[in-house]
Structures are given as structure tokens and as C-alpha cells.
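Worksheet: one structure, shown below.
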Amino acid sequence: GKGGKDFRAAVPTYVHVVTPDGVEGNVPLSKVREQIRVLDLTFRGYYGGVDTGFDFDLASVDYTVNADWYYANYGSKAERDMKAALRQGGSDALNIYLATAGPYLGWATFPSALKAAGQAYLDGVVVDWKSLPGMGYYPRFDLGFTATHEVGHWISLYHTFQGGCNRWGDYVDDTPPQRTPSFGCPVGKDTCADPGLDPIHNFMDYSDDPCYTEFTAGQAERMQDAWMYWRA
């Protein structure tokens with residue numbers, strides 16, 4: 001609870017573009033910069049919700065040709081090798097790896113991973129390059145909000161449907177309980193008896209990009225606390 005409206009955190013952000021052949025997935029610098037701007041806008045409440053106080057400063061962009069890393073799956077040797085070779089910065093640095101993200105849109109480490117013996121190098125976010133703004137997943141996942149979702153995890157947010165309808169849920173009081181993830185934009189969806197409709201517009205649900213608009217004040221407080229405890 002030591003964050004609040006005056007909280008500000010500038011996050012040095014390192015983007016690693018990985019391609020199998022130097023052509024496929026060779027995201028131009030202009031699109032990388034556009035993605036960083038989307039992170040700034042979403043975390044500062046531009047689309048709705050609250051200003052969480054986080055800004056993302058692009059520190060560097062590098063390009064690597066490696067087919068094994070490009071097709072790396074979560075938890076694989078290829079993922080470990082990629083991150084061991086490319087990760088930059090300290091505990092406060094966000095490393096984004098643009099590849100295929102295996103069968104997913106992306107994945108992320110939670111900040112607690114920093115404390116696991118010998119595992120700090122795994123810290124970061126892997127994102128399917130096609131989910132960057134205008135890069136090919138139109139219209140469902142083409143606004144750059146996949147990175148926003150994964151960076152939310154990176155700063156300690158769970159999915160809004162974490163825990164289903166139990167009393168803990170996602171450990172944030174102002175996101176209504178939610179039994180199942182949302183797909184598309186199912187307005188009026190309500191899967192738990194507790195008050196409040198499912199938070200389908202929250203960046204931590206599974207809704208389509210055009211449905212997303214917000215983080216809540218409770219999520220901002222959790223992220224700020226996690227930042228100061230784990231990363232600052």
C-alpha cells in the first residue's frame with residue numbers, strides 16, 4: 001500500500017526479435033516502438049480504468065536468427081538457451097522476446113521467479129510477434145494487448161478467473177469473481193453468484209483485443225506493491 005496516485009516506475013525494456021531465417025517474424029523497429037507505446041497507453045489508463053503509474057522505456061532492440069529459439073515452447077531447452085543468451089538488465093528490466101510463442105499468444109514469468117536459485121535469467125515475457133499492432137492477428141489479437149496481458153503477469157497479476165468463484169479469486173478485491181475465461185467479448189457474462197459481472201474488459205481476462213479497456217485500482221495497487229517488493 002505504499003504506491004498510490006503519486007507512484008511512478010520507469011521500466012527499462014529490452015526487445016529481442018527472433019526469426020528462423022531473417023525474414024519471417026522480422027518485426028521492423030517501427031512496430032516495436034508502436035508496441036511500447038501501447039504498453040504505455042494501457043498501463044496509464046488511456047483506454048479506460050486507472051493509471052497504474054508504469055511507463056516503459058525502450059532500452060534496445062536486437063535481432064537474432066535462430067530457428068530453435070523462434071519455435072521455442074514454454075519450459076523448453078530452447079527457451080532457456082534463448083533467455084540465457086539474450087536477457088539484459090537487472091530485476092527491474094523487462095525483456096520481451098518476439099517469436100512464435102509456441103502454441104500460445106504468449107507467456108510470462110512472475111516476479112517471484114527472480115528468487116528461485118539460478119532462475120533469474122528466465123525472467124521476462126515471450127510474445128507471438130503477430131500479436132503486435134497491425135502484424136497479422138486482425139481483428140482478434142492485433143492491437144498489441146497480448147503484451148499488455150503478459151506484462152501484467154510479469155508485475156504479479158493473475159488472470160481475473162484465477163480461483164474461479166472461490167473467495168480468493170485473483171487476490172484483487174475490485175475484480176468480480178469469474179469462473180471461466182472469456183473469449184470474444186461476451187457482454188453480460190456472469191459466471192459466479194457474487195455481485196458483479198465477469199470483468200471481460202479487463203486486460204487479465206482472455207477476451208479479444210477490441211474488448212479490452214482496463215486495469216482496476218486494486219490491480220494497480222497489487223502491481224505497485226509487487227514492483228517495490230520484487231523489482232525496484
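The values are calculated or read from the model by the stated rules, or taken from the named source; none is laboratory data. Model, not experiment: these values are computed from the prediction. Because the Cβ atoms are built from the backbone with ideal geometry, glycine has one as well, and the counts that use them run over all protein chains shown. Surface areas here come from the heavy atoms of the whole protein model, side chains and all, with no ligands, DNA or RNA. Shrake-Rupley method; radii C 1.70, N 1.55, O 1.52, S 1.80 Å.
Going by average Cβ density within 10 Å per residue, which order do the peptides 150-157, 164-171, 135-142, 47-54 take, highest to lowest?
Per-residue mean Cβ counts within 10 Å order the peptides as 150-157, 47-54, 135-142, 164-171.
Write down the accessible area per residue of segment 73-164 in Å², having rolled a 1.4 Å probe over the full set of protein chains.
37 Å²
Percent of accessible area on the chain owned by carbon and sulfur, 1.4 Å probe?
53 percent
From the backbone phi of segment 128-142, what are the Karplus-calculated ³J(HN,Hα) couplings (6.51 cos²θ - 1.76 cosθ + 1.60, θ = phi - 60°) in whole Hz, Gly and Pro given as x?
So the J values, rounded to whole Hz, are 5, 4, 6, 8, 5, x, x, 9, x, 9, 4, x, 6, 9, 10.
Can you give the calculated 222 nm mean residue ellipticity of the chain, where each DSSP H run of n ≥ 4 adds -39,500 (n - 2.57) and the sum is split over every residue, rounded to the nearest 500 deg cm²/dmol?
Details: 5 runs with 49 residues, N = 232.
Calculated from helices alone, the mean residue ellipticity at 222 nm is -6000 deg cm²/dmol.
Please tell me which of these pairs span more than 32 angstrom C-alpha to C-alpha: Lys2/Lys189; Lys130/Lys189; Lys77/Lys115; Lys31/Lys77; Lys77/Lys189; Lys83/Lys189? Write out the running numbers ahead of the final one.
Values: Lys2/Lys189 34 Å; Lys130/Lys189 28 Å; Lys77/Lys115 20 Å; Lys31/Lys77 28 Å; Lys77/Lys189 40 Å; Lys83/Lys189 39 Å.
Too far apart for the 32 Å limit: Lys2/Lys189; Lys77/Lys189; Lys83/Lys189.
Which of rounded, prolate, oblate describes segment 106-232, given a ≥ b ≥ c as roots of the alpha-carbon gyration tensor eigenvalues and a/c under 1.5 marking rounded, otherwise prolate only if a/b is larger than b/c?
Oblate shape, in that a/c is at least 1.5 and b/c is the bigger or equal ratio.
With no solvent and one point on each alpha carbon, what is the Debye value of log10 I(q)/I(0) for the chain at q = 0.15, 0.17 Å⁻¹?
-1.00, -1.27
If you place +1 on the Cβ of every Lys and Arg and -1 on the Cβ of every Asp and Glu, how big does the dipole about the Cα centre of segment 92-195 come out, in debye to the nearest 20? Each step should come with its number before you reach the end.
On the way: 6 positive and 10 negative charges, 51 e Å.
Roughly 240 debye, rounded to the nearest 20.
Can you give me the P(r) profile for segment 104-150? Cα pairs, bins 5 angstrom wide beginning at 0, each as a whole percent.
5, 23, 24, 15, 11, 10, 7, 3, 0
Nearest 5 is fine: what % of DSSP beta bridges in segment 1-154 come out antiparallel, could you say?
So the antiparallel bridges amount to about 15 percent of the total.
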